[in-house]
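Student: Below you'll find the structure I mean.
Laboratory data are not the source of any read-out in this text; all were calculated from the coordinates shown. Predicted model only: the values in this text are computed from it and were never measured. Cβ coordinates were reconstructed from backbone atoms using ideal geometry, including for glycine residues, and neighbour counts include every protein chain displayed.
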Amino acid sequence: MNPAHIKYVVAAHGHDDHFGGAQYLADTYGARVMMHKADWDLIAAERPEHAPKRDLEISDGQKLTLGDTTIVFHHTPGHTPGTVSPIFPVRWKGRRHTAILWGGTNPPATTEAKRTNLTSVREAAVTMRRAGVDVELNNHGGADYGLTRIEQLRAGATKNPFIIGPARTQRFMKVMETMLRGRILQDQ
């Protein structure tokens, strides 16, 4: 892949492990950096090292079309105020599937933010059901056995381990909901 072909760098949330090289790609190859307004504000306040310069803002429901692929960004605050979780089409062996990249898994520190996150999880589950999401991806490969699943594909798996079906993507969200409920109860 030629990095000069990168048009956009999408930061799913405003933590430095998610925007790390974004400014380098912008400066070196002219890529545009996208993040939700709330997380642009977060990094402006926190001023982390290597933060990208404020560029494009992502809004809830915004679409980004690249070629014949359209990505829909969903604002799923909680992990950070501006976490976004994109839903987009993917293909496996000629068949179309619909994926979500969950934008932030670890629960936030405050009870209020956990409640916000819980609301996001519930709303995202409904959105996922409507969109027919059957592929769950996570931006931390250890959180959902993503690295293990990649190794299965590299080893020649005939069945794609990321295509888990609508029922199991809903179960993933139910696990997230249960975890957040438990963390909220622990706070009290």
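Student: With the calculation restricted to Cα positions, what are the radius of gyration and Dmax of region 1-44 in angstrom?
Tutor: 10.5, 32
Student: Continuing with this model, one more query. Which of Lys53/Lys114; Lys63/Lys159; Lys7/Lys63 have a Cα-Cα distance over 24 Å?
Tutor: Lys53/Lys114; Lys63/Lys159
Student: If you don't mind, there's one more thing I want to ask. For a quick check: with amide H placed at 1.01 Å from N, whose amide H comes under 5 Å from Val9's, ignoring anything fewer than 5 positions away on the same chain?
Tutor: Long-range HN contacts for Val9: Arg32, Val33, Met34.
Student: Suppose every Lys and Arg Cβ carries +1 and every Asp and Glu Cβ carries -1, with no other charges. What dipole size does region 50-135 come out with about its Cα centre, to the nearest 20 debye?
Tutor: 320
Student: Convert each backbone phi in region 68-80 into a coupling constant with the Karplus relation 6.51 cos²θ - 1.76 cosθ + 1.60 (shift: θ = phi - 60°), then list the ³J(HN,Hα) values in order as whole Hz, x for Gly and Pro.
Tutor: Listing the rounded values in order: 9, 10, 10, 9, 10, 8, 10, 6, 10, x, x, 4, 9 Hz.
Student: I would also like to ask the following. Could you run the Karplus curve 6.51 cos²θ - 1.76 cosθ + 1.60 with θ = phi - 60° over region 169-186 and give me ³J(HN,Hα) per residue in whole Hz, x for Gly and Pro?
Tutor: With the stated coefficients, region 169-186 comes to 5, 5, 5, 4, 5, 5, 4, 4, 4, 4, 4, 5, 4, x, 5, 5, 4, 4 Hz.
Student: Counting only other residues whose beta carbon sits under 11 Å from that of Leu64, what net charge do I get with K and R as +1, D and E as -1?
Tutor: Combined, the nearby Lys, Arg, Asp and Glu give +3.
Student: Principal axis extents for region 67-122, Cα atoms only, whole Å, descending order, please.
Tutor: 44, 19, 15
Student: Another question, if that's okay. At 10 °C and 1.306 mPa s, grab the translational diffusion coefficient of the chain from Stokes-Einstein with a Kirkwood Rh over Cα pairs, rounded to a whole number in µm² per second.
Tutor: Value of D from the Cα-based Kirkwood radius: 91 µm²/s.
Student: How big is region 135-181 along each principal axis, measuring the range of its Cα positions in Å and listing the largest first?
Tutor: Result, largest extent first: 38, 21, 11 Å.
Student: Hey, how many Å between the Cα centroid of region 1-63 and the Cα centroid of region 68-97?
Tutor: Answer, in whole Å: 16.
Student: Follow-up. Taking +1 at the Cβ of each Lys and Arg and -1 at the Cβ of each Asp and Glu, which of Thr76, Ile100, Val121 sits farthest along the dipole of region 74-125 towards its positive end, judged by Cα position relative to the Cα centre?
Tutor: The residue sitting farthest along the positive end of the dipole is Ile100.
Student: Can you tell me the alpha carbon radius of gyration of region 31-142 divided by the globular rule-of-thumb value 2.2 N^0.38 Å?
Tutor: Dividing the Cα radius of gyration by 2.2 N^0.38 Å gives 1.12.
Student: Kindly provide the helix-only [θ] at 222 nm of the chain, computed as the sum of -39,500 (n - 2.57) over DSSP H runs of four or more divided by all residues, to the nearest 500 deg cm²/dmol?
Tutor: -12500 deg cm²/dmol
Student: If packing is taken as the mean number of other Cβ atoms within 10 Å per residue, what is the order of 179-188, 52-61, highest first?
Tutor: Those peptides, ordered most packed to least, come out 52-61, 179-188.
Student: Could you pull out every residue, at least 5 positions away or on a different chain, whose amide H is within less than 5 Å of the one on Ala51? Hs are placed 1.01 Å off N in the peptide plane, and Pro or chain starts have none.
Tutor: Excluding prolines and chain starts, which carry no amide H, there are no hits.
Student: Give a residue-ordered list of calculated ³J(HN,Hα) values for region 8-22 (Karplus: 6.51 cos²θ - 1.76 cosθ + 1.60, θ = phi - 60°; whole Hz; x for Gly, Pro).
Tutor: These are the phi-based 3J(HN,Hα) values: 9, 10, 9, 9, 5, 7, x, 9, 4, 6, 10, 10, x, x, 4 Hz.
Student: What does the convex hull of the Cα atoms come to per residue for region 29-82, in Å³?
Tutor: Taking only Cα atoms, region 29-82 has a hull volume of 90 Å³ per residue.
Student: So for each of 153-163, 136-146 I average, over its residues, the number of other beta carbons within 10 Å; can you give me the resulting order with the highest mean first?
Tutor: 136-146, 153-163
Student: What number does region 101-188 give for Rg over Rh if you use C-alpha atoms and the Kirkwood radius?
Tutor: On the Cα set of region 101-188, Rg over Rh gives 1.03.
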